[in-house]
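I have placed the structure first, in the form of structure tokens, so that the comments after it can refer back to it.
The values are calculated or read from the model by the stated rules, or taken from the named source; none is laboratory data. Since the model is a prediction, treat every value here as computed from it, not as a measurement. Cβ coordinates were reconstructed from backbone atoms using ideal geometry, including for glycine residues, and neighbour counts include every protein chain displayed. We work out accessible area using only protein heavy atoms, side chains counted, and drop any ligands, DNA or RNA first. Shrake-Rupley method; radii C 1.70, N 1.55, O 1.52, S 1.80 Å.
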Amino acid sequence: MTLPAVLPVLAATEEHVTAQAADGVYSSAWLLVAIPLVSAAVLLLAGRRTDRWGHWLGVLASAASFVVGASILLTMLGQPDEERVRDLHLFSWIPAGEFTLDAGMRVDPLSMTFVLLVTFVGTLIHVYSVAYMEHDRDRRRFFAYLNLFVAAMLLLVLADSYLLLFVGWEGVGLASYLLIGFWNHEMPNSVAAKKAFVANRVGDVGMIIAIGLMFATFGATDFETVFAGSPAASEGLLTATGLMLLLAATGKSAQFPLQSWLGDAMAGPTPVSALIHAATMVTAGVYLVVRSGPVYAGAPTALLVVAIVGAFTLLFGAIIGTAKDDIKKALAASTMSQIGYMMLAAGLGPIGYAFAIFHLLTHGFFKAGMFLGAGSVMHGMDDDVNMRRYGALSGLMKVTWITFGLGWLAILGVPPFSGFWSKDKIIESAFATNDGHGWQPWVFGLVALVGAGITAFYMSRLFFMTFHGRRRWSDGHGRSDVDADAPVRHPHESPALMTWPMIVLAVGSVALGGLLTIGDAFAGWLEPVTGHVEHHEPVLPIWLIMALTLVLVAAGAFLAWRQYGAAPVAVVAPRGSVLTRAARRDLYQDDVNEALLMRPGQYLTRSLVFGDRQVVDGAATGLARTVAGSGELVRRLQNGFVRSYAATMVLGVVVLAAVVLAFQL
Amino acid sequence: MSFVAPEVQWAALAPIILVLGAGVVGVLVDAFAPRAARRPVHIGLTVVSLAGALVAVALLWRDVRADGGVEVLGGSVLVDGPTLVLQGVIALVGLVGLLVVADRTDSHEDAFAPSAAAVPGSDYEELARRKGLTTTEVFPLALFALGGMMIFPAAGNLLTLFIALEVLSLPLYLLTGTARRRRLLSQEASMKYFLLGAFASAFLLFGAALVYGFAGSVRYADIARAVSVPSDLDPLLVAGSVLILVGLLFKVGAVPFHSWTPDVYQGAPTPITGFMAAVTKIAAFGAILRLVYVVLPALEWDLMPALWGVAVVTMLVGTVVAIVQTDVKRMLAYSSIAHAGFVLVGVVAMTSSGISSVLFYLLAYGLATVGAFAIVSLVREVDARGGAVVAEATHVSQWSGLGQRHPVLAGAFALFLLSFAGIPLTGGFTGKFAVFSAAVEGDLAWLAVVGVVASAAAVFFYVRLIVLMFFTDPAGTPGSSTTVVRTDGLTHVAIGLGVVGTILLGVLPSPVLGFLSDAAVYLP
């Protein structure tokens, strides 16, 4: 990578670079969205005819988007900072009298970061899916949905107005819904898809209100106008807007209080979990907050709430992750927690924006890699997800083991792997919140620190339970290290189409973080969007923070090794402590939702139905009876005799003439 | 003394001449062409003439936009914006409607009796059926009717109006009586339609005579001039105009001159029902518009209260009686009565947006109506014993579960019903919105409220049919069942055009609305 580390550092200023018109290669940015969208349309409309080659078309579309994205990136790298923010006008979208909205794209370092992440990881996952979904008769439809997702996600990050962003936002929600429920012939999958959809709808309401507030305040919803007007708007309004945007973000990014859907979303095929529910879509909330930086700049309270939500979810997800035995659900809990980190960083304000996106990027690589690894393990273990029936797979699935291991080291934050660079920065910044004054740096800093330790524990637990220890399955020859009735499995390495994407992602897990940190390259890269910020001093010395983090990580990993690597793992989960049981039940998130929302909602609807039957329907049926009665009456006049028809006409003429003459008088 | 040939601007009459000329040629085809060749020749002739009429309308529009329009044949025919719009809409909807008329099932049966002259049940009828005769005369008849309809809104004096009325009516009386199945019902309907139509024509003619007595001229321009000057003969004028309006309101099926509608719509061959329900109404409203907006505007305060009343009663009776119908065709007939009421709301608005909203409504309604009746013509009963496909399954209960077996067809029907009901994103919604907002603009908010209430009530029976099609299991009486016949495909083309038009007018109405408000300017 040749990210320019030697950029002339702008003066310490909050100024954002103003956008220029897109020209040259920038003007092809629309292709990014159009290519996968067209491919999805072709695959969906052409139907079974494309079954034979449809998946390759999907891969090709995603790869083509990547090529377009990469060429834009290369051009952008060759230009100075102030020319890196481009607006591409597409067409006049809503010309409604005084309100006009143009559909356009904002091509800048932030959106390009996402474009590259989505298309690169997306393409790898497309390739992986070709093999993973090989025996599924609906593979073509799967690729159509994947393409649809890529198109919607790119629209989301490239949109230059909140309204167009919302289109992408709903698009990814739709794709996510379709893909979670891809195997909808089984009830739990449909239910999971519906749950994700409903939880997201709650967030969407926040988005709609936020857009409405912007429209009411600024009379526009495009970034340019909203951001330019923000400094002059009242703090109350900005706070309300910020909180509503946060609500939207919590829905999409599975943050507290709308986090409950992510675990169930693992019902989708594993590549989907890797792409949508780990690397890209779930990070859209972080994007939204970072993109809305100028709004939050005038709303410190909203920003604080963002940080609190992030910090809370960080611990929440981590605790759930310690108790899950389902490999995908454990990874999902980890995703939730890692996005908590990003949200926390975004909530720290401009100093955290760059690190939030940086962690998002590295996380996209190592988490997608680990999900693909999990898929590879499931592939070898007859789609079993119960880690208590795994064990000792390291020798049998070497590539999976090594690539997963690299991802594991990255998420733990072991230097010099990717996660170290990004997560360490977040912890550091958390300790520097609020310029190091008040309670915030201590609370956020310690939460981030403790979270790192718990992360190390649950990820190591997952890793050791899966790849090490004793085999808790049978190889069919009665060989099992645990019990006689162990399920028979024939673990094997996955085909090359699956392993290569894992290898590429593993390389990213190893090197990306370090490369982008050299000379603060990534933070400098984002400066045209986030603005330049002077580094603040944390309340603790940096070396101490780093040392404490590493100690905690080592302790967590060691603990996991002692419990799950060295000691035998029970094939049936032990009862466990109160906390374990709570974590196993996702800290009662569903129970809380049920008690707080579902039951009262049911009572409300029941009483409404009662009222509806008695009062409204009563009136309506009464009216209907009257209407039907008079209908019958008129129908009797329709007796089929021409003479009565003619008589009716004459009567009509007389009445009409009478009316007219009466008005004459 | 030498005869001076009148100067006629033939070009301005091109759409009418094309259609009527094709009708005349059609008669010759029936007389001279070999039997096997008749049907394809007729279809070709019909399509070419109507498409030609559309092109002619488009070409004429350029001149009319520039100079506002021309009077032809000494003011008998007025070619201006509304005339061209209505002629275009009539040609378009008529073309779509005639596609359904021209279609036949895969056993080469069309909707018409092999020999309409044969006594039902006679040996001759059986013989004609076995010989495979067809009543190809329906094509020239329909073209004559269309020609009359195209003159109707263009008429510039009361005589032309009357002649156009007869030219369009007489073929329709005949067409009504030509159904292949349930022939007695069809012939009875034809007879009723003829008797009542003649009765209504008499009113119109009598009214024309009274107005002539008042103004001393049958020309619209002269009458309008005379109306604006107060005189002692006002009662003559008022009574005359009421009678003329009665004759026209009969054609649109407004209450209390609607009694013929359900019987005729039910008895006529279904393609003809769709054809006349759509196109006749368009033409008749065109004539009413010109009369109300150009000839009698000075009588606004005399005539309008009566027309408000007619509009209200029409909307309410159409809606309420439709609710208790059990026959699909009769239900659609009453629904078309209700629609006549909604259109009248736009007519009585007496604003320029009233004209354009009525034109839009007629287009949207026409496309959906032709489509809906086209679908009715495809849904058939299966004979319990022989398994042969027989008459149309028009009882509502026979439609239950249709959506499960024929989702696309039932979906199209549901779309038309939703358009009738005025659900957003369909042409019907835009049309209703346009006429109601025109009424509000014309200070008739109360009338718009009545219209909204009526259309809300009307949703009931439209949606009931949708529910029946999609969410009720096909019950059927034991031994008989419902099926959808295969045809040569013309009906499906017509349905497809109806669907596309309905959706386009609902989703992207602004170009059409904009064009119509440009075109809605009458010659004085």
Item checked: Size of charge dipole - the protein assembly as shown - debye, nearest 20, with Cβ of Lys, Arg +1 and Asp, Glu -1, no other charges -> 3480
Next item on the list: Project the alpha carbons of the protein assembly as shown onto their principal axes and report the range along each, largest first, in whole Å.
Entry: 119, 71, 61
Notebook entry, point to check: What list of ³J(HN,Hα) couplings, whole Hz, do you get for the range B:173-179 from phi and the Karplus terms 6.51, -1.76, 1.60, once you set θ to phi - 60° and write x for glycine and proline?
Noted result: 4, 5, 4, 4, x, 9, 4
Check: Over chain B, what is the relative contact order in whole percent, taking alpha-carbon pairs under 8 Å and six or more residues apart?
Finding: 16
Margin query: Give me the net charge for the shell around A:L552: Cβ to Cβ below 15 angstrom, other residues only, Lys and Arg +1, Asp and Glu -1.
Written below: -1
Item checked: chymotrypsin sites (Phe, Trp or Tyr not before Pro) within the range A:429-506, DSSP loop, no more than 14 other Cβ atoms inside 10 Å -> A:W439
Next item on the list: Select from the range A:651-665 all residues whose loss of accessible area on going from the chain by itself to the full protein assembly reaches 10 Å² or more (probe 1.4 Å).
Entry: A:G652, A:V653, A:L656, A:A657, A:V659, A:V660, A:L661, A:F663, A:Q664
Notebook entry, point to check: Using a probe of 1.4 angstrom, how much of the accessible area of chain A is carbon and sulfur, in percent?
Noted result: 68
Next item on the list: With a probe of 1.4 Å, find how much accessible area chain A has per residue, and write the answer as a whole number in Å².
Entry: 39
Next item on the list: Under 1.5 on a/c is rounded, so check that first for the range A:40-150, then, if it is not, pick prolate when a/b is larger than b/c and oblate when it is not; a ≥ b ≥ c are the square roots of the alpha carbon gyration tensor eigenvalues.
Entry: oblate
Notebook entry, point to check: Which Cα, out of A:T499, A:M381, A:L57, lies furthest along the positive dipole direction of chain A (beta carbon charges, K/R +1, D/E -1)?
Noted result: A:M381
Notebook entry, point to check: What is the set of long-range amide H partners of A:L90 at a cut-off below 5 Å, with H atoms built 1.01 Å from backbone N?
Noted result: A:A103, A:G104, A:M105
Notebook entry, point to check: Any idea how many Lys pairs in chain B come in under 19 angstrom at the alpha carbon, given 8 or more places apart or on separate chains?
Noted result: 7
Margin query: Let me check I've understood the local charge: for B:S481, count other residues with C-beta under 14 angstrom from its C-beta, Lys and Arg +1, Asp and Glu -1. What total comes out?
Written below: -1
Note to self: Please report the net charge: other residues with Cβ closer than 9 Å to the Cβ of B:D30, K and R +1, D and E -1.
What the structure shows: 0
Margin query: Could you report the accessible area of A:R139 in Å², rounded to 10, computed with a 1.4 Å probe on the protein chains as they sit in the structure?
Written below: 40
Note to self: Sort B:85-98, B:420-433 by packing, meaning the average of other beta carbons within 10 Å per residue, with the highest value first.
What the structure shows: B:85-98, B:420-433
Check: At what distance in angstrom do the alpha carbon centres of the range B:306-382 and the range A:403-436 lie from each other?
Finding: 70
Margin query: Using a 10 Å cut-off around each Cβ of peptide A:628-638, what is the average number of partner chain Cβ atoms that fall inside?
Written below: 5
Check: Distance from the Cα centre of the range B:210-289 to that of the range A:509-566, in angstrom?
Finding: 86
Item checked: Total accessible surface hidden between B and A, rounded to 100 Å², 1.4 Å probe -> 2400
Next item on the list: Mind ranking A:W525, A:W561 by accessible surface for me, highest first, 1.4 Å probe?
Entry: A:W561, A:W525
Note to self: Using a 7 Å offset from the Cα along the Cα-to-Cβ direction at both A:R584 and A:R625, what is the distance between the two label points in nm, to one decimal?
What the structure shows: 5.8
Notebook entry, point to check: Where the centroid of each part is defined by its Cα atoms, how far is the range A:219-280 from the range A:141-217 in Å?
Noted result: 11
Check: Roughly how crowded by other chains is peptide B:236-248, in terms of the mean Cβ count from those chains within 10 Å of each of its Cβ atoms?
Finding: 2
Check: Quick one: if the Förster radius is 56 Å, what FRET efficiency do A:D383 and B:D443 give, using the C-beta to C-beta distance and rounding to 0.05?
Finding: 0.20
Checklist line | Cβ charges +1 (Lys, Arg) and -1 (Asp, Glu), total dipole of chain B, debye | finding: 1140
Checklist line | Modelled FRET efficiency - R0 60 Å, B:A5 with B:F471, Cβ distances, 0.05 increments | finding: 0.35
Check: Sorted by average packing, counted as other Cβ atoms within 10 angstrom per residue and highest first, what order do A:44-50, A:177-183 take?
Finding: A:177-183, A:44-50
Check: Averaged across the residues of B:300-306, what count of C-beta atoms belonging to other chains lies within 10 Å of each residue's C-beta?
Finding: 4
Check: Rg and Dmax of the range B:10-519 over Cα atoms: what are they, in angstrom?
Finding: 22.0, 72
Checklist line | Inverse mean reciprocal Cα-Cα distance (Kirkwood Rh) of chain A, Å | finding: 26.7
Next item on the list: With unit charges on the beta carbon (Lys/Arg positive, Asp/Glu negative), name the residue among A:S161, B:A53, B:L133 whose Cα is farthest towards the positive pole of the charge dipole of the protein assembly as shown.
Entry: B:L133
Check: Rounded, prolate or oblate: which fits the range B:1-152, taking a ≥ b ≥ c as square roots of the Cα gyration tensor eigenvalues, rounded meaning a/c under 1.5, else prolate when a/b beats b/c?
Finding: prolate
Check: Within the accessible area of the range B:10-519, what % is carbon and sulfur when the probe is 1.4 Å and the other protein chains stay in place?
Finding: 69
Next item on the list: Give me the accessible area of A:H492, 1.4 Å probe, in Å² rounded to the nearest 10.
Entry: 80
Item checked: In chain A, lysine pairs with alpha-carbon atoms under 26 angstrom apart (chain gap of 8 or more, or interchain) -> 28
Next item on the list: May I ask you to derive the FRET efficiency for A:S234 and A:T18 from their Cβ-Cβ distance with R0 = 22 Å, giving the value to the nearest 0.05?
Entry: 0.35
Check: When ranked by the protection proxy of mean other Cβ atoms within 10 Å per residue, highest first, what sequence do the peptides A:267-280, A:611-624 form?
Finding: A:267-280, A:611-624
Next item on the list: Normalising by the residue count of chain A, find the relative contact order in percent from Cα pairs under 8 Å and 6+ residues apart.
Entry: 14
Checklist line | Residues of the range B:372-524: accessible area per residue with a 1.4 Å probe, Å² | finding: 44
